[in-house]
Structures are given as structure tokens and as C-alpha cells.
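The block underneath contains the structure these notes are about, expressed in C-alpha cells.
None of the figures in this text is laboratory data; all of them are computed from the coordinates on show. On a predicted model such as this, the values are computed, not experimentally measured, just so you know. FYI the Cβ positions are ideal-geometry reconstructions off the backbone, even for glycines, and counts take in every protein chain you see.
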Amino acid sequence: MRPKDLKTRIFLDGGDPGETKEIIRLLGFLDGQTTNPTLISKNPRARQRLEKGEKFTREEIIDFYQETVKEISKLIPEGSISVEVYSDLSTAAEAMLRQAKEMFSWIPNAHIKFPTSREGLKAAEQAVKRGMRVNLTLCFTQEQAAAVYAATRGAKKGDVYVSPFIGRLDDRGENGMDLISNILKMYQKGDGHVELLTASVRKTDHLLYALKLGSDIITAPFNVLKEWGEKGFPLPKGNYVYDSGNLKSIPFKEIDLTKKWQDHDIRHELTDKGMERFSADWNALIKA
Ligand code: E4P
């Protein structure tokens, strides 16, 4: 059951409704789920089909994503389900927005994921104006989070998430958890309309420190949530210290949240690499 002092919402990061069922059984609660093209490509039904040498047509893969998301939505009707648009480095905002409109109609509780790139922000800006809920993914810098804030100004709390990817920063020797603390500190000066969703979680310590920092939401893979549940849902105590080992710290920057999003320097190579990887994993599912 949900610990009574737990304020942060806990999401499962995955593309398999079987895992969703299992986590609800193990934890007794689940506040939402995040999916992405790579996670959908790892879905056991998709894997089985590929192992038989049967790839999907473009229509079939969209139907498969829709079915999967519908199944997850039924398991967490009160929660939020993040559904990601296809975007490679050449996908224009208009194409992302077209997909978003369709995906948003699949289930009543979708947040549409757009990359935190120029085209992604352009699309997200239009999406919130049209009343869609959004999740800006592949965020690696405080500037990108400031741009998300600016591009979605006017949206109501609950409708906009930003997803900083901590594990991928750790992977290249930077302390991803610093980014969480820096964005939360920067957002204190704002109106609170963007919620921070800690993503790319690799271990229980990421989860515990994100809880301590007061992340609005944390999405974690099956194994991390399972381990946390099996340990009895420990919450960080007052004296909890996160050990970042040899990771290089990321300094806090004073950034003006009132600037236009286009005036922020939002390029980050991991955002580009992330889009390349998501699109490659998706395209590998499709018949040539
Ligand atoms: C969540 O929304 C992300 O898609 C996810 O956490 C990515 O994690 P990874 O870096 O382990 O792929």
C-alpha cells in the first residue's frame, strides 16, 4: 500500500502491461506509466512477433502501440500514461502535432511526449494551446527545463511534465541528480505549472534521492520498483545522503524564467542521440 508520507507520484517506466499488473500487485498502488518507442520495442508480444521474422507494417505498429496503451490505461484509469510521438532529427513540429492529436484521443489519461528540441517545443506549445497534456522528454539541462516552462506558460498544473534523464547523464560521468535539484530550485521562482518527472532511473538510490529532493513524479523501471516494494517502500530519512561517487557535479545556473523559450540555448547532444535511438528502435519494428 502507498506509504502515507509519500507525496511524490510513482510511475512505472515500461511498455508491457504485464509488468504494470505485476507492479500494482506488488506495490498495491501505481500513479501512472511512461512509455517510449524503445520500451514498446521491448514489449514481449512485439519481441515474439519479431523472433518469428514478422515485422509490423506502419499501420500495424501504430495499432499495436494504441492497444498496449489502452490496456495500461485500463489498469491505471486514475493515473497518467505518457505516449511518445515518433520523432527523428528531421521530424517537423507539424508532424509531431498531427501524431499527438491522434494519440491523445486513444485514452482519456494521456500525456503526449515530445522531445525537448526546437521542433518538439514548438509542437508542445501548440499542443497545450489545444488543451492537450504534454511531457517534454529527453531533457538534459536547466536551460531546456526553462524553455519547457516558457513554451507551456498558461497551462494548468498537472498538464505539463518535464522529464530530466538522470541515468544517461550518470552514464557519461555527470551527476544527473544535480540536474533534478537545480531544476527544482529554478522552478521555485515560477508559478508551479510544470511538474518535474525524474526519468532514466537506474537504481533505488536515484529513487530515494529524488524523493528527498521533492520531485513531483518519479518514473522507474520494473526492477527498481520491485526492489523498493520488497524492501517495504523505504523513504529517505532526514539524514539521508546521496552518494554520487566520482560523478562530476552540475552547477546551478541563474536562469530567467520570463524569457521566451526560443531565446534559451536548448541544444544538447544527448537529446539528439536519444531521438536517434528512439527512432532507430521504432524503425527496427517496421517492414522495410
Ligand atoms: C521515461 O519517460 C524515459 O523514457 C526513460 O526513463 C528513459 O530511460 P533510459 O535512459 O533508461 O532509457
Requested in this report: State the extension gain, in nm to one decimal, for the chain segment bounded by MET1 and PHE252, taking 0.36 nm per residue of separation less the distance between their alpha-carbons.
Outcome: 86.7 nm
Query raised in the report: Once you put a point 7 Å from the Cα of LEU235 and another 7 Å from the Cα of LYS287, both along the Cβ direction, what distance in nm separates them?
Result: 5.3 nm
Query raised in the report: Using modelled backbone amide H atoms (1.01 Å from N, in-plane), which distant-in-sequence or interchain residues come within less than 5 Å of ASP13's amide H?
Result: THR34, ALA220, PHE222
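For SER105 and LEU26, what does the FRET efficiency come to when R0 = 22 Å and r is the distance between their Cβ atoms, rounded to the nearest 0.05?
On the way: r = 32 Å, r/R0 = 1.44.
The formula returns an efficiency of 0.10 here.
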Requested in this report: Could you please state, rounded to a whole Å, how far the C-alpha centre of region 155-220 is from the C-alpha centre of region 47-93?
Outcome: 25 Å
Report task. Read phi for every residue in region 74-81 and hand back ³J(HN,Hα) as whole Hz from Karplus 6.51 cos²θ - 1.76 cosθ + 1.60, θ = phi - 60°, with x for Gly and Pro. Result -> 5, 6, 10, x, 8, x, 10, 10
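With a cut-off of 8 Å between alpha carbons and a minimum separation of six or more residues, what is the relative contact order of the chain in percent? Mind showing how you got there, number by number?
Numbers: 524 pairs, mean separation 66.1, N = 288.
Rounded, it is 23 percent for the chain.
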Query raised in the report: Given H placed on each backbone N at 1.01 Å, which residues far from LYS113 in sequence or on other chains put an amide H within less than 5 Å of it?
Result: VAL83, GLU84, VAL85, ASN135
Query raised in the report: Can you tell which of LEU138, LEU26, LEU12 shows the greatest fluctuation in a Gaussian network model of the chain with Cα springs below 10 Å?
Result: LEU26
Query raised in the report: Given a cut-off of under 8 Å on Cα pairs at least six residues apart, what relative contact order in percent is computed for region 126-181?
Result: 37 percent
Report summary line: Simple SL model, points at 7 angstrom along Cα→Cβ for ALA280 and LEU50; separation in nm is 1.3 nm
Query - Note, ³J(HN,Hα) from phi for region 254-264, Karplus 6.51, -1.76, 1.60, rounded to Hz, x at Gly and Pro - result: 7, 10, 7, 6, 8, 5, 5, 5, 5, 8, 8
